[in-house]
1. For ASP175, list long-range residues whose amide hydrogen, built 1.01 Å from N in the peptide plane, is under 5 Å from its own amide hydrogen.
2. Considering only the other residues whose Cβ falls under 11 Å of the Cβ of PHE278, what net charge follows from Lys and Arg at +1 and Asp and Glu at -1?
3. Based on the Cβ-Cβ distance of LEU242 and ARG85, what FRET efficiency does E = 1/(1 + (r/R0)^6) give at R0 = 25 Å, to the nearest 0.05?
4. Return the loop-located trypsin sites (Lys or Arg not before Pro) in region 161-236 (DSSP other than H, G, I, E, B) with at most 15 other Cβ atoms within 10 Å of their own Cβ; answer none if there are none.
5. Using 0.36 nm per residue of separation minus the Cα-Cα distance, give me the extension gain between ARG256 and ALA160 in nm, one decimal.
6. So who's got an amide H within less than 5 Å of the one on PHE140, skipping anything under 5 residues away but keeping other chains? H placed 1.01 Å off N, in plane.
7. Return the long-range amide H neighbours of LEU51 (sequence gap of 5 or more, or a different chain), with a cut-off of under 5 Å between placed amide H atoms.
8. Could you look at region 9-179 and say what percent of its accessible area is carbon and sulfur, using a 1.4 Å probe and all protein chains?
Amino acid sequence: MTAPPPLARLLIVGVGLIGGSLARALRRAGFAGEIIGCGRSLTHLERAVELGVIDQATTDLAAAAAEADGIVLCVPVLAIEAVLRELAPHLRHDAIITDVGSTKGSVVAAARAVFGTLPANFVPGHPIAGTERNGVEASFAELFDGRRVILTPEPETGGAALERVRELWQACGADVVEMSAEHHDQVLAETSHLPHVLAYTLVDNLARKAERREIFRYAAGGFRDFTRIASSDPAMWRDICLANRAALGEALRDFRADLDRIITAVEQGDESTLIDRFSRAKTARDRFTREEP
Ligand code: NAP
């Protein structure tokens with residue numbers, strides 16, 4: 001783990017699971033600056049102060065932005081443009097800005113819409129870490145340990161800002177990698193957004209059946225494992241699906257084609273297709289879980 005960047009006043013906009021965990025992880029790493037939390041609800045923010053997650057709470061984004069030399073946007077992805085619009089006129093020229101949004105093309109587009117171009121100090125980012133819980137109460141300092149954080153710098157992104165944001169995440173225990181926003185959105189559509197849509201759809205499908213009580217009564221560990229992520233915040237996932245609709249639509253269509261092939265194999269009693277596909281999947285998952293950080 002490296003030392004956190006020497007920021008005097010870090011503003012976290014949206015002190016929920018990710019924003020709260022970032023604040024806790026920075027404190028654990030010895031971050032010496034002040035951490036200000038901003039959001040819509042003073043009650044949520046005061047709870048974050050009580051829990052020792054942030055030093056100060058405010059709902060006045062403009063005033064908080066004017067004093068911050070580091071800003072991390074931890075709000076749902078479709079709220080990012082409005083937040084940027086509100087803080088833009090008050091930003092210090094040297095403030096480093098980053099975000100944690102689960103989609104990156106939409107965040108880059110939002111920043112360009114607000115500033116006309118991507119500011120050199122804006123470094124889009126996404127920690128590949130989370131749980132199905134939300135809110136500051138669910139936050140914990142170890143969330144990013146050994147996890148990847150993807151930064152998606154654009155040609156306009158300045159090297160010094162990129163380095164600062166890299167140091168910020170490394171101090172939280174994360175491995176930082178870089179890729180384009182477009183590639184990020186394609187990869188995450190397949191590895192994160194598609195599984196969430198499948199889990200929500202499966203649970204919703206079963207929950208609407210007349211015999212749902214029976215189904216859930218006899219559901220075993222496998223069902224619980226597969227559907228855990230359907231307990232995630234629906235509004236956050238609505239935003240992610242809307243913000244990454246092109247790549248997610250493609251991933252869903254590709255999955256539907258495979259599902260159609262499995263339906264045919266099941267209905268035709270095609271054992272070799274079933275054993276081939278299940279064996280290939282088992283090998284791939286066993287390798288992935290062995291290699292997981
Ligand atoms: P969360 O626990 O619900 O926290 C979101 C915070 O943003 C809340 O504290 C909320 O506080 C504030 N907020 C919500 N809507 C807002 C709005 N319209 N304007 C201003 N503030 C608003 O959610 P989270 O899981 O931390 O997710 C935050 C971001 O991290 C999202 O962009 C998400 O895509 C990304 N992310 C999530 C995960 C995950 O697994 N959860 C993983 C990686 C990245 P108030 O209600 O008090 O305003």
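The values are calculated or read from the model by the stated rules, or taken from the named source; none is laboratory data. Keep in mind that what you see is a predicted model, and the values were worked out from it rather than measured. As a convention, Cβ positions derive from the backbone with ideal geometry for all residues, glycine included, and neighbour counts pool all protein chains shown. All accessible areas refer to the heavy atoms of the entire protein, side chains included, with ligands and DNA or RNA removed. Shrake-Rupley method; radii C 1.70, N 1.55, O 1.52, S 1.80 Å.
1. Residues meeting the amide H criterion: GLY146, ARG147, ARG148, VAL149.
2. Values: positive: ARG277, ARG280, LYS282, ARG285; negative: GLU271, ASP276.
Taking every other residue near PHE278 into account, the sum is +2.
3. On the way: r = 18 Å, r/R0 = 0.74.
Calculated transfer efficiency: 0.85.
4. Values: sites: ARG164, ARG166, ARG208, LYS209, ARG212, ARG213, ARG217, ARG224, ARG228; in loops: ARG208, LYS209.
Listed in order of number, the matching sites are ARG208, LYS209.
5. Details: separation 96, 0.36 × 96 = 34.56 nm, distance 4.40 nm.
Gain in length upon complete extension: 30.2 nm.
6. Placed amide hydrogens put SER21 under 5 Å from PHE140.
7. none
8. Numbers: 3260 of 6630 Å².
Whole-percent figure for carbon plus sulfur exposure: 49.
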